[in-house]
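The values are calculated or read from the model by the stated rules, or taken from the named source; none is laboratory data. Keep in mind it's a predicted model, so treat the numbers as computed, not measured. Virtual Cβ from ideal backbone geometry, glycine too; neighbours counted across all protein chains shown.
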Amino acid sequence: MTEAELNALLDVRSENEHIEFKEAKSNFHFEKLVDYCVALANEGGGRIVFGVTDKPPRRVVGTAAFEMPEKTVAGIYERIHLKVLWQEIQHPDGRVLVFEVPPRPVGHPLHYDGRYWMRAGEELVPMTPDQLKRIIDEGKPDFIDQPACSGCTEEDVVSLLDVQGYFDLRKRPLPSTRAEVLETLAGKGFVRREDGTFTITNLGALLLAKRLTDFESVARKGVRLIAYDGVSKQKVRDGKDITDQKGYAVGFEGLVNTVFDQLPASEEIAAALRTTTHAYPLKAIRELIGNAIVHQDLTEQGTGITVEIYGDRIEVTNPGLPILPLDRFIDENQSRNERFADVLRQLGICEERGHGMDAVVAQIELHQLPPYRCRLGTRHTTVVLSRYKPLKDLSPEERVNAVYQHCVLRFVTNQLTNNESIRERFKIDKKNSAIASRLLGEAVTANVIRASDPDAANKLMRYVPYWA
């Protein structure tokens, strides 16, 4: 590492799981260094940099710790059997010592004296049993490739899977022979030929099952729909607690329509015509359910996706915590299992890459709904979509989130946010432009947006997300 590379490293926004800065002007506890090596290795490897302040703006202060680094790395190897590299940089402001920590072996969590460390912000914390299990399972086939039902005949496969539904989704005619059908399913990874019989994979069962309960490995992964009377869980409306048993692909349209039919609606009669207005747009509901299916943690057992309808909101919950930060759902897209997501895209269950929550926000703005909210549980992620409320009834947090989501949506469509776009978002009359200015000011104060050019005149002021 050169001095220039070190200076560039000092400008990173924050410490993360791949880098750790330590001032350590005089010394640093060796056993603590070993703990940090364990944590970094468990999370893919990284660097520990000594002689640098850990708070931005970072500067080199020099370190006298570990005067004989070759002995230090030998001691690390003796304790955790990990080959750590070291490098000394003689910076004008003092000695900097960098330890390069490699990633742990696949499927093998690293520990020191029985402590399996990981990073949590600036702290070291023990890994949870679930996290350890995920690492141990790395050496196994992906969940979608594991068998859902083995030893099947050709008749079993077409009896258990909705093959007609699959070809309908692909807009292709059903092949004339069963052998052609099975060849197509095998080519997509839905089935495998093994020892003269067929194995239906979890992928095939999850997407094409006529009944998910026919497959033990995915029996609990059907989408559950619950409609409540009022805004609490006290009373289920007319016994509306339904679990969809079809595979995600072949049952998706029916599932979305069932959910939509349970949503609050109002009817108007004008000129002898009856029109029904639903509280939420169908496209937003479709995207929320599709996102929950795509981004769920399939390895979680005994739990599935839940759609809960209340008098004032709809909540969609999926197993697993998100990979992305909550405030980057709109502009970024990353799936836990890209192959699973890719098949769902091919079958039209979710939008193309890069779409999803941005489509939800577009629908929210079109229908003047409050911003969506996200809530994290210990092992679940919930997205909440609320019914219409006028601007005056939005809470300060809702106003700030609405402006932020609007700003991100504009940014990803190569547009900037300004007073005019905020007036359009909230349907504010031009003569009340001061209201839009106040909304922008609240979001700037909350540090979720910033001026793209702070020196611009007020009428020319444009805004971008804080991270842009």
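Would the range 138-145 turn up any residue that is aromatic (Phe, Trp, Tyr) and farther than 30 Å from residue 31 by Cβ? Yes, there is a match, as at least one residue in the range 138-145 is aromatic (Phe, Trp, Tyr) and farther than 30 Å from residue 31 by Cβ.
The rows are residues; the columns are (1) of a type in the set (Val, Ile, Thr); (2) modelled with pLDDT of 95 or more; (3) closer than 21 Å to residue 465 by Cβ.
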site	(1), (2), (3)
334	no, no, yes
345	no, no, no
352	no, no, no
357	no, no, yes
397	no, yes, yes
410	no, yes, yes
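Would you be able to say whether some residue in the range 452-461 is touching a helix residue (DSSP H, G or I) at 6+ places or on another chain (Cβ under 7 Å) and either surrounded by 12 or more Cβ atoms within 10 Å (Cβ to Cβ) or assigned to a loop (DSSP other than H, G, I, E, B) (or both)? The answer is no, given that none of the residues of the range 452-461 is touching a helix residue (DSSP H, G or I) at 6+ places or on another chain (Cβ under 7 Å) and either surrounded by 12 or more Cβ atoms within 10 Å (Cβ to Cβ) or assigned to a loop (DSSP other than H, G, I, E, B) (or both).
Quick one: would you say residue 41 is assigned to a loop (DSSP other than H, G, I, E, B) and crowded, with 18+ Cβ neighbours inside 10 Å? Against the criterion (assigned to a loop (DSSP other than H, G, I, E, B) and crowded, with 18+ Cβ neighbours inside 10 Å), residue 41 does not qualify. Assessment of the range 91-105 against the conditions (over 33 Å from the mean Cα position of the chain (by Cα), crowded, with 16+ Cβ neighbours inside 10 Å and basic (Lys, Arg)) yields at least one matching residue. The set of residues in the range 289-307 that are surrounded by fewer than 18 Cβ atoms within 10 Å (Cβ to Cβ) and under 20 Å from residue 386 (Cβ atoms) is empty.
Under the condition of being at pLDDT below 90 and in a strand (DSSP E or B), the residues counted in the range 241-271 number 6. A single entry from 309, 305, 285, 349 fulfils the requirement of being of a type outside the set (Ser, Thr, Tyr), in contact with a Leu (Cβ under 7 Å, 6 or more places away or on another chain) and either in contact (Cβ under 8 Å) with a residue 40 or more places away in the chain or under 30 Å from residue 232 (Cβ atoms) (or both): 309. Counting only helices (runs of 4 or more DSSP H) that sit wholly inside the range 311-423, those with at least 1 residues that are not assigned by TED's automatic domain parsing to the domain that holds residue 438 are 338-346, 357-366. Identify the residue in the range 424-446 that is assigned to a loop (DSSP other than H, G, I, E, B) and loosely packed, with under 12 Cβ neighbours inside 10 Å and, among all such residues, is nearest to the chain's Cα centre (by Cα). Applying the filter and picking the extreme gives 427.
Taking the range 207-216 as the range and being part of a helix (DSSP H, G or I) and either surrounded by fewer than 17 Cβ atoms within 10 Å (Cβ to Cβ) or modelled with pLDDT under 95 (or both) as the test, the residues that pass are 213, 216.
Being farther than 17 Å from residue 104 by Cα, part of a helix (DSSP H, G or I) and modelled with pLDDT under 85 is a property that residue 31 lacks.
The combined condition, being in contact with a strand residue (DSSP E or B) (Cβ under 7 Å, 6 or more places away or on another chain), modelled with pLDDT under 95 and either in a loop (DSSP other than H, G, I, E, B) or of a type in the set (Lys, Arg) (or both), is fulfilled by residue 47. Selection of the range 324-345 for residues being free of Cβ contacts under 8 Å to residues at least 60 places away in the same chain and closer than 30 Å to residue 170 by Cα yields 329, 332, 333, 334, 335, 336, 338, 341, 342, 345.
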